[in-house]
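Sharing a structure below in structure tokens format, with a few things to ask.
The values are calculated or read from the model by the stated rules, or taken from the named source; none is laboratory data. Just so it is clear, the structure is predicted and the values come from calculations on it, not from any experiment. Glycine gets a Cβ as well: all are built from the backbone with ideal geometry, and neighbour counts include every protein chain shown. Side chains included, ligands, DNA and RNA excluded: accessible areas come from the protein's heavy atoms. Shrake-Rupley method; radii C 1.70, N 1.55, O 1.52, S 1.80 Å.
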Amino acid sequence: MKVITKTEKARTRSKSTQSKRGIKKTENIEFIFLGGLGEIGKNMLVVETDTQLFVIDAGLMFPTDETPGIDLILPDLSYLFKKKDKLAAIFLTHGHEDHIGAVPYILREVKAPVYGSKLTLGLLKAKLEEHRIKAELREVNSRSKVKFQDLKFEFIPQIHSIPDGFAIAIHTPYGIILHTGDFKFDTSPLPGLRVHYERFADLSKKGVKVLLSDSTNADESGITPPERVVAERLKEIFVRAKGKVIVASFASHIHRIQNIFDAAKNTGRLVAVSGRSMRQSMQVALETGHLKIDERQLIDINQISSFPSHQICILCTGSQGEPLSALALIASREHRHIQIEEGDTVIIAASPIPGNERRVSSIINSLLKLGAEVIYPKEYGVHVSGHASQEELKLMINMVKPEYFVPVHGEFRHLIRHAKLAEEAGVKKENILTLENGNSFVLSRDGVSIGKKVEAGVMYVDGLRIGDIGQAILRDRENLSKGGIVFVVVAIDEFTRRIVYGPDIISRGLVLNEDLLEDAKERLTKKINQIISEEEIVDLALLRKRINDSVSGFIFDKTRKRPMVIPFVFEV
Ligand SMILES: [Zn+2]
Ligand SMILES: [Zn+2]
């Protein structure tokens, strides 16, 4: 991997813009949001000049109960693919899934160099290998400046719930655009970390035209507590614990993983790791030097029974209650190596992401039933957010003093709240742009204005297929899971116009008792006879529809369920 520390003049793809005197200035720079506005997840921003196109972050979102059977949700990449010849580079702020998860799906279709920090690219590389994609990864650090024609990109280290993240400043002929990435201002940061206040102040002196800032915690008052609080709390819990200590955490939260290892070491515990994503991200962080552990402290998960419980710590996945995760298996007593015993302590060192509360709560109940002491963030403070709260957000705006402000990375309520904070911090109301996915703004000689709208829905990844899973299929899956399925089979003699087989009604995922079935068949027979005797020529499509309506209506009346009804009608 090549590290870029000085200004790099990238090869320009379009020679037509280069004259003998140098590079022709771009007339317009469009900033098009393909994801991350009005949602927490799948962040993606396209920066488009007259001749080139850049992507800042390309993340994904995990499915919810509303998208059954879907593996992943991606931003709508069709705008990008339409313009793929212009794509010059992808820049990544940090290694979280909601920022890098869609990159493999872009690189499947179009080649472009990817710029990011050592850890971010390390995590991306593991992902690309799974997809068998080779890519040009260019490592940047806080001293790197990357130049493409008349745009220059610089990277400012930020503190967040994953190490090695950046804010990105884009120097353009019409002013500086500063994208904060995900951040918090940790006022007592862990060793080796610091907020680069002076860099933000320096950009402010040069004049920041537009600030794009992380809105995740815009409705949290005050400041976000430092990670150090969690480190202290973990230490206390480890000292008190009598039996095994099992800690579930985010796989990418390297600082917290470090703190867990430190607390274990402090109390003479060996650490076993369970969960593929946890092992994978630890491997990357060990290679990049972001995780520092004594290898002698690590043991294999199948060795834990050879040590007394008070010498064991297990680090595992499943803090969001994910089905089949290590913690879920432990809670349901299905884990091959880990059994809960009276006196064990389970720490869930992450807050549930909205939508996951029920699953996490059910795991907590199961663990308590098995006799474990369960420690979770709400009561015990074993989690702090990686995102800035209101006072920090205002500090960022005060420090940078942008002319324009665009809240990003948040649900609509967060964006609106952040817009209010910006106003309080002195940005002119008319210069605050609250945008949604598919919206854009344009920077030119004349300043900043609202730009065009583009398609920015979602693309689904369903097994190996991308993109062609429509809303109709999702609706079908939802109906199937809620109401089951009913097949109706009937055959009609073409000449005598009589029913010669059926109607037979077969159901799956729905219980219809014998009487109800007989009643339904009787009604349906009458209905079919009526239709085929009334009409000259039997229109099979129409007949199917009538059967569908009749059976659906009848079942709904009797059971209040809406199964999917599939009629098979044959002429013989
Ligand atoms: Zn993040
Ligand atoms: Zn994020």
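Mind giving me the nanometre distance, one decimal, between the label points for residue 126 and residue 481, set 7 Å out from Cα along Cα→Cβ?
So the two model labels end up 2.8 nm from each other.
Just want the answer: with Cβ charges of +1 for Lys and Arg and -1 for Asp and Glu, which residue in 114, 490, 144 is farthest toward the dipole's positive end in the chain?
144
I've got another one for you. So how do 423-434, 99-110, 220-231 stack up, highest first, on mean other-Cβ count within 10 Å?
Highest-to-lowest ranking by the protection proxy: 99-110, 220-231, 423-434.
Could you give me D for the stretch 27-140, from Stokes-Einstein at 37 °C and 0.692 mPa s, where the hydrodynamic radius is the Kirkwood radius over C-alpha pairs? Units µm² s⁻¹, please.
230
A further question follows. For the stretch 471-571, report the % of Cα-Cα distances exceeding 23 Å.
26
Another question, if that's okay. For the chain, which whole percent of the accessible surface, found with a 1.4 angstrom probe, sits on carbon and sulfur atoms?
Exposed carbon and sulfur together represent 49 percent of the surface.
Suppose the Debye formula is applied to equal point scatterers at every Cα of the chain; what is log10 I(q)/I(0) at q = 0.06, 0.07, 0.10, 0.13 Å⁻¹?
-0.41, -0.53, -0.91, -1.25
Taking the Cα centre of the chain as the origin, how large is its charge dipole in debye, to the nearest 20, when only Lys and Arg (+1) and Asp and Glu (-1) carry charge on their Cβ atoms?
2240
Oh, and also: Probe radius 1.4 Å, ligands and nucleic acids left out: which of 262, 76 has the largest accessible area, and how do the rest follow?
If we order 262, 76 from most to least accessible, we get 262, 76.
Compute the Rg/Rh shape ratio of the stretch 300-423: radius of gyration over Kirkwood radius, all on alpha-carbon atoms.
Looking at the stretch 300-423, the ratio lands at 1.16.
I would also like to ask the following. If ligands, DNA and RNA are left out, what is the accessible area of residue 196 with a 1.4 Å probe, given in Å² to the nearest 10?
Surface accessible to solvent at residue 196 totals approximately 30 Å².
How large is Rg over Rh for the stretch 122-245, taking Rg from the Cα atoms and Rh as the Kirkwood inverse mean of 1/r across Cα pairs?
My calculation puts Rg/Rh at 1.07.
Shifting gears a bit: Where both residues lie in the chain, what percent of DSSP beta bridges are antiparallel, nearest 5?
Of all bridge pairs located within the chain, approximately 50 percent are antiparallel.
Would you mind getting the accessible area per residue of the stretch 471-571, heavy atoms of the protein chains only, 1.4 Å probe, in Å²?
In whole numbers, the stretch 471-571 has 63 Å² accessible per residue.
Right, here's the next one. From the cross-link list 42/84; 145/292; 25/145; 82/145; 521/558; 152/205, which pairs have alpha carbons spaced over 22 Å apart?
As for pairs spanning more than 22 Å Cα to Cα, those are 145/292; 82/145.
Moving on. List, in the order given, every pair from 428/452; 86/184; 83/394 whose Cα-Cα distance in the structure shown is over 26 Å.
Long pairs (Cα-Cα over 26 Å): 86/184; 83/394.
Something else now. Whole number in Å², please: accessible area per residue of the stretch 227-378, 1.4 Å probe, ligands, DNA and RNA not counted.
For the stretch 227-378, the per-residue accessible area is 47 Å².
Give me the accessible area of residue 250, 1.4 Å probe, in Å² rounded to the nearest 10.
60
Let me ask something additional. So how exposed is residue 83, as accessible area in Å² (1.4 Å probe, rounded to 10)?
About 60 Å², ignoring ligands and nucleic acids.
I need to check one value: relative contact order of the chain, counting alpha carbon pairs closer than 8 Å and at least 6 residues apart, in percent.
It rounds to 15 percent for the chain.
Can you show me the helix-derived [θ] at 222 nm for the chain, built from DSSP H runs with n ≥ 4 at -39,500 (n - 2.57) apiece and divided by the number of residues, rounded to the nearest 500.
Using -39500 (n - 2.57) per qualifying helix, the result is -9500 deg cm²/dmol.
Whenever you get a sec, line up 286, 151 from highest to lowest accessible area (probe 1.4 Å, protein heavy atoms).
My answer, sorted largest first, is 286, 151.
Ignoring ligands, DNA and RNA, how do 276, 359, 138 rank by accessible area with a 1.4 Å probe, largest first?
So, going from the largest accessible area down, we get 276, 359, 138.
Among the GluC sites (Glu not before Pro) within the stretch 512-563, which fall in a DSSP loop and have no more than 10 other Cβ atoms within 10 Å of their own Cβ?
Hits after loop and neighbour filter: 536.
Then there is this: Classify the stretch 112-190 as rounded, prolate or oblate from the Cα gyration tensor: take a ≥ b ≥ c as the square roots of its eigenvalues, call it rounded if a/c is under 1.5, otherwise prolate when a/b beats b/c and oblate if not.
Note, shape of the stretch 112-190 comes out oblate.
Please tell me the relative contact order of the stretch 112-190 in percent, rounded to the nearest whole number, where contacts are Cα pairs under 8 Å and at least six residues apart.
Value for the stretch 112-190: 22 percent.
Taking R0 as 51 Å, what's the FRET efficiency between residue 78 and residue 300 from their Cβ-Cβ distance, rounded to 0.05?
Calculated transfer efficiency: 0.65.
Please report the relative contact order for the stretch 227-378, taking Cα pairs under 8 Å with a sequence separation of at least 6, and give it as a percent rounded to a whole number.
29
What does the charge count around residue 223 come to, taking other residues whose C-beta lies under 15 Å from its C-beta (Lys +1, Arg +1, Asp -1, Glu -1)?
It works out to a net charge of -4.
Related question: Mind running the shape call on the stretch 227-378? Use the C-alpha gyration tensor, a ≥ b ≥ c as the square roots of the eigenvalues: rounded below 1.5 for a/c, prolate if a/b tops b/c, oblate otherwise.
In terms of gyration-tensor shape, rounded.
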